[in-house]
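A.B. asks: Sharing a structure with you now.
The values are calculated or read from the model by the stated rules, or taken from the named source; none is laboratory data. Please read these numbers as outputs of a predicted model, since none were measured by experiment. All Cβ positions, glycine included, derive from the backbone under ideal geometry; neighbour counts span all protein chains shown.
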Amino acid sequence: MTMSDDPTKPVFDAAFRDKLAELFAWRRDVRRFRPDPVDPALLDDLLRQASLAPSVGFSQPWRFVLVEDPDRREAICQNFETENARALAAYSGKRAEQYARLKLSGLREAPVHLAAFAEMDPERGHGVGRRTMPETVPYSVVTAVYTFWLAARAAELGVGWVSILDPDAAARTLAVPEDWRLVAYLCVGYPAETHSDPELERYGWESRVAVEDCIYRR
């Protein structure tokens, strides 16, 4: 039997492809959340979908931590506020004023905090594909994060990726094994507003580059 003969093979028609393009466009980095709780069963389903992501050598190195303890969440918020102040100090003039007005996390509003770590030397996969490029381990976790993000958006949830954190301090706060590396700290919840354009573009921080400017031929 060839793959084309497999009766279980799905058909992705034009209508599906159009909806998929809409999903890509409406996948935004959300910083403003409603307080509505997220059904734990929905979160479990989204994490199962995230675990379908590709990984180097089929190592599946993602390790997800649901941060539910109020003290740990507060420590993460303080971590962000410290690092955000340091980031602001690196700017001057109008850029500093602009940066100070940006809302760069929804940590205090989001009902769900989810940390995605990479186990940097997992036994699974037996090293295939990562001996020359070990960075493919955290790259694999990024694919899982993006899969989660799209699945969440399709379920009407918003996701915000908070990168303004001291990752080592965050790992200590969450008491994870030493060989785990923080890849993403996510805020998850129902968005208070939705937009098809990035917030940093909407507030004049940066504009979208033309795709033609990112393509090179050799």
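A.B. asks: For Cys187, state whether it is of a type in the set (A, V, I, L, M, F, W, C) and touching a Gly at 6+ places or on another chain (Cβ under 7 Å).
C.D. replies: It is true that Cys187 is of a type in the set (A, V, I, L, M, F, W, C) and touching a Gly at 6+ places or on another chain (Cβ under 7 Å).
A.B. asks: Select, from Glu68, Glu83, the only residue that is on the phi < 0 side of the Ramachandran plot and either at pLDDT below 95 or loosely packed, with under 10 Cβ neighbours inside 10 Å (or both).
C.D. replies: Step by step, each of Glu68, Glu83 is checked, and only Glu68 is on the phi < 0 side of the Ramachandran plot and either at pLDDT below 95 or loosely packed, with under 10 Cβ neighbours inside 10 Å (or both).
A.B. asks: Kindly check whether there is at least one residue in segment 83-99 that is closer than 17 Å to Leu174 by Cβ and of a type in the set (Phe, Trp, Tyr).
C.D. replies: No.
A.B. asks: Identify, from the list Val137, Val141, Val128, the residue that is hydrophobic (A, V, I, L, M, F, W, C), surrounded by fewer than 12 Cβ atoms within 10 Å (Cβ to Cβ) and touching a residue at least 24 places away in the same chain (Cβ under 8 Å).
C.D. replies: Testing whether each residue is hydrophobic (A, V, I, L, M, F, W, C), surrounded by fewer than 12 Cβ atoms within 10 Å (Cβ to Cβ) and touching a residue at least 24 places away in the same chain (Cβ under 8 Å) leaves just Val128.
A.B. asks: Given the criteria in a loop (DSSP other than H, G, I, E, B), among the hydroxyl-bearing types (Ser, Thr, Tyr), farther than 24 Å from Tyr139 by Cβ and modelled with pLDDT of 90 or more, does Ser207 qualify?
C.D. replies: yes
A.B. asks: Sticking with this one: Would you tally the residues in segment 163-202 being among the aromatic types (Phe, Trp, Tyr) and within 22 Å of Ala21 (Cα to Cα)?
C.D. replies: So the answer is 1.
A.B. asks: Looking at (1) in a helix (DSSP H, G or I); (2) touching a His at 6+ places or on another chain (Cβ under 9 Å); (3) surrounded by fewer than 17 Cβ atoms within 10 Å (Cβ to Cβ), which is the only condition Ala15 fails?
C.D. replies: Single failed check for Ala15: (2).
A.B. asks: OK, next. Do any helices (runs of 4 or more DSSP H) entirely within segment 88-187 hold 3 or more residues that are at pLDDT below 95, β-branched (Val, Ile, Thr) and more than 17 Å from the chain's Cα centre (by Cα), and if so, which?
C.D. replies: Helices (runs of 4 or more DSSP H) meeting the threshold: none at all.
A.B. asks: Please go through (1) within 25 Å of Ser59 (Cβ to Cβ); (2) surrounded by 12 or more Cβ atoms within 10 Å (Cβ to Cβ); (3) without any contact (Cβ under 8 Å) to a residue 40 or more places away in the chain for Ala175 and return the number of the only condition it doesn't satisfy.
C.D. replies: (2)
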